[in-house]
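Reading through the structure tokens given below for one structure.
The values are calculated or read from the model by the stated rules, or taken from the named source; none is laboratory data. Please read all numbers here as calculations on a predicted model, not as lab measurements. Glycine gets a Cβ as well: all are built from the backbone with ideal geometry, and neighbour counts include every protein chain shown. Just so you know, the surface numbers come from the protein's heavy atoms only, side chains and all, with ligands and any DNA or RNA stripped out. Shrake-Rupley method; radii C 1.70, N 1.55, O 1.52, S 1.80 Å.
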Amino acid sequence: MSQIRHIFIKEFKDYFVSPIAYIVISIFLLVTGWFFFTTFFIYDQANLRNFFTLLPIIFSFVIPAITMRLFAEEMSVGSYEVLLTLPVTSGDIILGKFFASVGFVAAMLLPTILYPVSISFLGSLDWGPVAGGYIGAILLGAAFSAIGLFASSLTRNQIIAFIIGVAICFALTIIDKMLFFFPKYILCFLENIGADFHFKNISKGILDSRDIIYFLSVAFIGLYCSHIALQNKK
């Protein structure tokens, strides 16, 4: 556990050494804030439904951007081989980087707490769906972080890692909206592998174990695939 903690601390600090972290957070807050407040004043409703509705699509692009360098950069400059000479396992490295990415997602969401606080002064806010929405956002962030790590473990090129990560995350986000293209007998299956389908349930304040298991399963599959990809590169 101590190796995982050391890698987590190093990677989390590295995010904020680079200006990319501040650019990503600024763009995230600008986009979510603009969409949220414009629709909030149009519909005049004291809730965060519009904010959480947008989150899976925004995460599909933002999270691959913050995970693309985690392995691709290290393999490109040769520091990954140096890392393997230290007393750490590939599992320690993967988990340390994964928790750093999830921590960065949580840090990115932290300023958005001002949205419900602001709304609570303007109207009667139901905090149940708000709490559910933030729990769902962390679970979604963890699942997409694992996918981003897997994409980064496949290549030395950060741009290619970003494109692969976006492709998988975006496909999981929109697949439940494309069901009319598929035959009826697989509709239920496709709907249940959609990230947005499960996130919607949690963001309504409904904590269903099936939705939690879905996000944990996606995260596990992403991390396990990262492990296999890195083992094949040795």
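Applying the set (1) touching a residue at least 60 places away in the same chain (Cβ under 8 Å); (2) open to solvent by less than 70 Å² (accessible area, probe 1.4 Å); (3) over 15 Å from the mean Cα position of the chain (by Cα) to PRO64 leaves exactly one unmet item: (3). Condition check for LEU48 on (1) farther than 30 Å from ASN232 by Cβ; (2) among the aliphatic types (A, V, I, L, M); (3) open to solvent by 10 Å² or more (accessible area, probe 1.4 Å): one failure, at (3).
The residues listed here are ILE213, ILE202, ILE186, ILE193; of these, the one that is open to solvent by 70 Å² or more (accessible area, probe 1.4 Å) and either more than 15 Å from the chain's Cα centre (by Cα) or more than 22 Å from ARG69 (Cβ to Cβ) (or both) is ILE213.
In this structure, is ILE58 more than 30 Å from PHE121 (Cβ to Cβ), of a type in the set (A, V, I, L, M, F, W, C) and either surrounded by 15 or more Cβ atoms within 10 Å (Cβ to Cβ) or over 15 Å from the mean Cα position of the chain (by Cα) (or both)?
no
Pairing residues of the stretch 1-25 that are open to solvent by 50 Å² or more (accessible area, probe 1.4 Å) with residues that are among the charged types (D, E, K, R), at Cβ distances under 6 Å and at least 6 apart in sequence or on separate chains, gives GLN3/ASP92.
Determine, yes or no, whether SER124 is open to solvent by less than 60 Å² (accessible area, probe 1.4 Å) and either at pLDDT 95 or above or small (Gly, Ala, Ser) (or both).
No: the conditions fail for SER124.
Assess whether SER60 counts as being of a type outside the set (Val, Ile, Thr) and out of contact with any Cys (no Cβ under 7 Å at 6 or more places or on another chain). When the stated conditions are applied, SER60 does not pass them.
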